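Each remark here refers to the structure printed beneath this line.
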Amino acid sequence: MTKPHTIGKRVLRLEDGPLIRGRGRFVDDLKFAGMLEASFVRSPHAHAAVRHIDTDAARRLPGVHAVFTCADLAPALTQERLPLQFRTDQLPADCAPPVLAKDEVAYVGEPIAVVIAQSRAVAEDAAGLVAIDYEPLAAISDCRVALRPDAPLAHRAKPSNLLIEFRQSYGDIAAAFGPAPHHARVNLKQHRGGAHSIEGRGAVAVYDLNEDRLTLWSSTQLAHEVRAFLMRLLRLDENQIRVVAPDVGGGFGAKFVLYPEEVALAVACLRLRRPVKWIEDRREHFLAAVQERDQYWDLEVSFDDEGRLLGLRGELIHDQGAYTPQGINLPYNASTGVTGPYIVPAYDLRVRVVETNKVATMPVRGAGYPEAAFAMERVLDRIAGALHLDRAQVRRRNLVPAEKMPYVTPLKTRAGSPVALDSGDFPRCLAMALEAIDYAGFAERQRAAWVKGRYLGIGIGNGVKGTGRGPFESGIVRIGRSGHISVYTGAMPMGQGIKTALAQICAEQFGVTADNVTVVAGDTAVIPHGQGGFASRQTITAGSAVHLAALAVREKVLSVAAHLLETGVEDLELHDGRVEVVGAPGSGLTLRQVAEAVSGVPGYAMPGKFEPGLESLQSFLPNSLTYGMGCHAVEVEVDIETGGIRILHYVVVNDSGRLINPMIVEGQLVGGTVHGIGNSLFEWMGYDDSAQPLTTTFADYLLVTATEVPNIEVHFLECPSPLNPLGVKGVGESGCVPAAGAIVAAIEDALSPFGVTISEYPVTPARLFGLIAAARS
Amino acid sequence: MKLPPFEYACPTSISEAVALLASHGGDAKPLAGGQSLVPMLAFRVASPSLLVDLRKLAELRQIRITDNGVTLGAMVRWREILDDARLRTAHPLLVAAVEHVAHYQIRNRGTVGGSMAHADPAAEMPGIAVTCEAQIAVVGKSGARVIEAAAFFQGPLMTALRADEIITEIRLPQWPAKRRFGFQEFARRRGDFAMAAAAVFYDEDAGKLARNAHVGAIGVADRPLRLNAVEAVLDDNTIDDSIIAKAEAAASAAVDPADDIHSSGAYRKALIGVMVERALKGAASIG
Ligand SMILES: Cc1cc2nc3c(=O)[nH]c(=O)nc-3n(C[C@H](O)[C@H](O)[C@H](O)COP(=O)(O)OP(=O)(O)OC[C@H]3O[C@@H](n4cnc5c(N)ncnc54)[C@H](O)[C@@H]3O)c2cc1C
């Protein structure tokens, strides 16, 4: 390839201008004539039988147009539950949530009825008037307790709370543990809270009687899938439903699923023939948007005198919540992600996915990889401690060396392909991070601080993230008669800057700057197929699709121009949006002239028998995941009297393959790392023993704010991926994968004079204070 | 999270405001900055039938500094306290505490009167009022009265205010220029309500002995506390490391915070000791 023209440049994000000027358009900005608003009646009980629902008083309130319960919606639906969204025969169909609960509620916040009124305020007033006769049932909160035979059942009719059990296993685990000189046991509780994008969920359903078409505007990460499920549930065809995601104010995974509210809204709109809007408020997000929440890990490791891993085995118990809208990819990723960038000769993990009376869990940015990385990093720190080895040294001895790439493990991704580390130089990533944080000089800094009664610690965390999940993403590149270049894609922007990246990739082929390309995404009307935004995939999948489409259009532009100019393609070059004859500046044709030529003149033949238009639709189908590596090194100070934790220095080294836009990649890494800091130190979605949520406001559930974010120093290692034509790897989630491992290790190191062991996050000052007190006594 | 229905009134005199409150028989609420009340409405934990907006009562907006001390009108905003250069000498402890109140946007709206009436046990202003023995002037349908801060706070979100009364001003006694003071707070994030905070001051006599020690604790009980036991440790002593260590222990011993979802009582008990210790070190310029 010749020297790139726009790829690799820190191009300002095309998205930002309109957003900063207040010209963004989010779901709640949409207003339609006659629009009504919805409010959902939600269960205050973690578990209860619903004996009777009385909606009379609510219906009578002035301004109320309708109140729908499950019984009211059922006739319009092909089924009362949502379909299980990752089709599988391994899970029972009845694990998916109902559209509206009928005779049993299984978590606080579960929707039971929807009120449609002239305004949200009236709808909320009416929702308070819906009288529901509940018979409270015993609720199960803790997923470990849920496995006991005498535990309350999350659902009355089910025989147990165990949703599914599976194993990840390879190598001779018995042999690995038999004669091994050293063993250690690590028990962990991991907690990752919820998603908490600035914009919550929300949708507006609009029915056009003349076109017989329902349009659902939804703040979603998967417009095409939402359309497909609604077609199925509502018996519609493609012409009868369009799903559009306008500007989306973040998703982090929680919008990568069809929700009951979207279905209820669509039915309400079809029934009332009026536009209906629902905007999730923050309390609803706390109660009813998916979370990632709790995992309990019990691991045993065997290792040799040098600290090399011989075998790793144990158990993982995952809190699934009351329902499974999508699948069990979260615990699955966690179980296959453990070995990460390391060589683990034998591995055996028993995974139990357990239902509880809490809202469903599903991947939130990181999707099980942060938990997997944390588990592994804790294990390695334990090995270092047991052998009195340097923690970086233990890691160097276990990392997959660059010369072993590609490194194929015996593990399988959920799509069935092997977990194969495709490229990278992990030891180099580690070395860069150690250098940047002056690891060598730390012991001296720590000693000097001790003299002043201050406690500094350093921690290292590595993590890989499988990125670019298939099966495909699509992209159309079109040069219209105006000569303007447009990209249409099934990918989903939600704040990452993907439109800018796609514009750069496309612009590259036409020698123009990215702002000459319009990217339209998130609309089922503009492209037939799409998968949406998840798994750090879009630059890989949509990027490659757009790249292929741009190449195809470029080729056609050159062929048409060669025909028109009566010369050979090899004599032409394309730059600045013009086709020129080599060596004759100012010669040739503009893209507009080329586009006009293949638009045809009524009644006349097409020039050169070309098909009309300058357009190509391409899909990119990745064969397997490409793995990005991150190494975080963190220096912290712990105030041992208050348990206060301050991050002094934070270094991120990341291999994201080839960088399309280093500025965007850096932003994603910083954002992901901040997310990881939140997980490590702040974010906690608490439930009491009866599964009542305890932290349902931002006063109790703490997000990281600007004052807690240290300066995060980002370095890149660019090892191009061999698995896609652009050589890119995903980065959206990468920042949060190694964070907790590194931060917790640094805190533990700061407290090494007291011998504190930390096996749980978030690490709050109060908890840390308790650990210090316990260690001191 | 939309507000329940209510009537709204925006009186232009205090008497009108009081009359409006009285006319609704306990079901009306004054509205000041709205930073606590409006969220409570949105969560529907409060649903008064009438909101009486105090924003047009200009007489409640004043900060007066006289030989008798500092008088803050109930509608004085946090921002106005921080912007008033006179207060940095007239009442530096107040300023130090208010710097910990909430965030920029909230400080632009939140008022001292609202904070006093809201009576959050972890709020700074009530803690300062109690520590400094402030007087709270109120007016109701049966006239004006003055309530001592110590008697004003009666529990979490509970005060001696009657339903028809509004706070008009908070009077902080005169602050000698040479007074030593310290304010220390531990919060999870900057601007959050305190996990624990300590406000201390004392005067020094000619022999450098502490006199008139006042120690207040915030966030460790159902209301702000004066810690008399700690004051006894300080009074008539030179404030040095050993006295401070005793004060720290006495502060922890004096409180018995309950466990909550964010921390054990034991943590807050220890934390208030540390805050008192650090505040005293600051006051005595040690360390
Ligand atoms: C995110 C956030 C963080 C915060 N952090 C802090 C913090 O760290 N520290 C802190 O102290 N506060 C904090 N606050 C609260 C803030 O300081 C509020 O402004 C304050 O508690 C209430 O003042 P207000 O003027 O907004 O009162 P409002 O919300 O208008 O009213 C509060 C209550 O006082 C009553 N009231 C108001 N004025 C009078 C009056 N003159 N007479 C009688 N009754 C009256 C009202 O009827 C109501 O019951 C925070 C608030 C938010 C939203």
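Each 5 Å bin from zero up to the one holding the largest Cα-Cα distance in the stretch A:602-642 carries the following percent of pairs: 5, 10, 9, 9, 7, 8, 7, 7, 7, 6, 6, 5, 4, 3, 3, 3, 2, 0.
How much of the calculated P(r) for chain B lies past 33 Å, in percent of all Cα pairs? Before the final figure, lay out each step's value.
Values: 9137 of 41041 pairs.
Value for chain B: 22 percent of Cα pairs lie more than 33 Å apart.
Going through the cross-link list A:K102/A:K277; A:K255/B:K2; A:K9/A:K729; A:K556/A:K729; A:K465/A:K729; B:K178/B:K281, which pairs have a Cα-Cα distance over 19 Å in this structure? Over 19 Å apart, Cα to Cα: A:K102/A:K277; A:K255/B:K2; A:K556/A:K729.
Can you tell me the alpha carbon radius of gyration of the stretch B:180-284 divided by the globular rule-of-thumb value 2.2 N^0.38 Å?
Working: Rg = 13.3 Å, N = 105, 2.2 N^0.38 = 12.9 Å.
Ratio of Cα Rg to 2.2 N^0.38 Å: 1.03.
Comparing the full protein assembly with the isolated chain, the residues of the stretch B:249-287 losing at least 20 square angstrom of accessible surface (1.4 Å probe) are B:I261, B:H262, B:Y267, B:A270, B:V274, B:R278. Heavy atoms of the protein chains alone define the surface here; on that basis the stretch B:180-284 has 37 Å² accessible area per residue at 1.4 Å probe size. The Kirkwood radius of the stretch A:654-777, taken over pairs of alpha-carbon atoms, gives through the Stokes-Einstein law at 10 °C and 1.306 mPa s a diffusion coefficient of 95 µm² s⁻¹. Solvent-accessible area lost on pairing A with B (1.4 Å probe, both sides summed) amounts to about 2200 Å².
Taking Cα centre as origin and charging only the Cβ of basic (Lys, Arg, +1) and acidic (Asp, Glu, -1) residues, the dipole magnitude of the protein assembly as shown rounds to 760 debye.
Rolling a 1.4 angstrom probe over chain A with all protein chains present gives an accessible area of which 52% lies on carbon and sulfur atoms.
Averaged per residue, what accessible area in Å² does the stretch B:58-173 show with a 1.4 Å probe, protein chains only? Write down the numbers at each step before the final one.
Values: 4680 Å² over 116 residues.
That works out to 40 Å² for each residue.
Strictly under 4.7 angstrom between C-beta atoms: which cysteines of chain A have no such partner? When partners are defined as cysteine Cβ atoms under 4.7 Å apart, chain A leaves A:C70, A:C95, A:C143, A:C269, A:C506, A:C719, A:C736 without one.
Normalising the Debye intensity of the stretch B:7-53 to I(0), with uniform scatterers on Cα atoms only, and taking log10 at q = 0.14, 0.21, 0.24, 0.31 Å⁻¹ returns -0.31, -0.66, -0.83, -1.16.
Residues with beta-carbon under 13 Å from that of A:R445, excluding A:R445: net charge, scoring Lys, Arg +1 and Asp, Glu -1?
Values: positive: A:R447, A:K452, A:R454; negative: A:D438, A:E444, A:E635, A:E637, A:D749.
Summing Lys/Arg as +1 and Asp/Glu as -1 gives -2.
For the stretch A:280-378, the residue among A:L299, A:V359, A:A373 whose Cα projects farthest onto the positive side of the dipole built from Cβ charges is A:V359.
Write down, largest first, the equivalent ellipsoid semi-axes of the stretch B:125-200 in whole Å, where each equals the square root of 5 times an eigenvalue of the alpha-carbon gyration tensor.
On the way: eigenvalues 137, 64, 16 Å².
Equivalent ellipsoid semi-axes, largest first: 26, 18, 9 Å.
Ellipsoid fit via the Cα gyration tensor, the stretch A:71-154: semi-axes of 28, 20, 11 Å, each the root of five times an eigenvalue, largest first.
Quick one: putting +1 on the C-beta of Lys and Arg, -1 on the C-beta of Asp and Glu, what dipole do you get for the stretch B:1-120 around its Cα centre, in Debye to the nearest 20? It would help to have the intermediate numbers written out before the result.
Working: 13 positive and 11 negative charges, 58 e Å.
With only Lys, Arg, Asp and Glu charged at Cβ, the dipole is about 280 debye.
For the stretch A:660-705, heavy-atom accessible area (probe 1.4 Å) falls by no less than 50 Å² from the chain alone to the full protein assembly at A:L702. Using a probe of 1.4 angstrom and keeping all protein chains present, the accessible surface of the stretch A:476-585 works out to 32 square angstrom per residue. Computed across the stretch A:152-246, the Kirkwood hydrodynamic radius from all distinct Cα-Cα pairs reaches 19.2 Å. Rg and Dmax of the protein assembly as shown, both derived from C-alpha coordinates alone, stand at 32.0, 110 Å.
Put the Cα centre of the stretch A:501-544 next to the Cα centre of the stretch A:707-743 and the gap is 21 Å. Of the trypsin sites (Lys or Arg not before Pro) found in the stretch A:40-113, the ones in coil according to DSSP and having at most 11 other Cβ atoms within 10 Å of their Cβ are A:R87. Each 10 Å bin from zero holds the following percent of Cα-Cα pairs in the stretch B:58-173: 14, 52, 30, 4. Do any GluC sites (Glu not before Pro) in the stretch B:106-158 lie in a loop, going by DSSP, with at most 16 other beta-carbon atoms within 10 Å of their beta carbon, and if so which? Hits after loop and neighbour filter: B:E133.
Within the stretch A:116-206, the trypsin sites (Lys or Arg not before Pro) that combine a DSSP coil assignment with at most 16 other C-beta atoms in a 10 angstrom radius are A:R144, A:R156. Any idea which of A:I527, B:F43, A:L558 is furthest toward the positive side of the dipole for the protein assembly as shown, if Lys and Arg beta-carbons carry +1 and Asp and Glu beta-carbons -1? Value computed over the given set: A:L558. For chain B, modelled as a GNM whose springs connect Cα atoms under 10 angstrom apart, the maximal fluctuation among B:Q105, B:Q62, B:Q154 occurs at B:Q105. Taking a Cβ cut-off of under 13 Å around A:R201, the surrounding Lys, Arg, Asp and Glu residues balance to a net charge of -3, with basic ones at +1 and acidic ones at -1. Treating each Cα of the stretch A:430-526 as an identical point scatterer and ignoring solvent, apply the Debye formula and state log10 I(q)/I(0) at q = 0.23 Å⁻¹. Listed by q, the Debye log ratios stand at -1.16. Of the residues A:A542, A:T707, A:Y455, the one whose Cα sits farthest toward the positive end of the charge dipole of the protein assembly as shown, with +1 on the Cβ of Lys and Arg and -1 on the Cβ of Asp and Glu, is A:A542.
Counting only complete DSSP H runs, which helices of chain A cover 24 Å or more along their long axis at the Cα atoms and score a mean Kyte-Doolittle of -0.5 or above? Show your work: numbers first, answer last.
Details: long enough: A:369-387 (27 Å, 0.38); A:538-565 (38 Å, 0.99); A:662-681 (28 Å, 0.61).
Sorted by number, the helices that extend far enough and score high enough are A:369-387, A:538-565, A:662-681.
Only Lys, Arg, Asp and Glu carry charge here, each on its Cβ (+1 for the first two, -1 for the last two); on that basis the stretch B:180-284 has a dipole of about 340 debye about its Cα centre.
The values are calculated or read from the model by the stated rules, or taken from the named source; none is laboratory data. Quantities reported herein were computed from a predicted structural model and do not represent experimental measurements. Please note: Cβ atoms are built from the backbone with ideal geometry, for glycine as well, and neighbour counts cover all protein chains shown. SASA here: full protein model, heavy atoms, side chains in, ligands and nucleic acids out. Shrake-Rupley method; radii C 1.70, N 1.55, O 1.52, S 1.80 Å.
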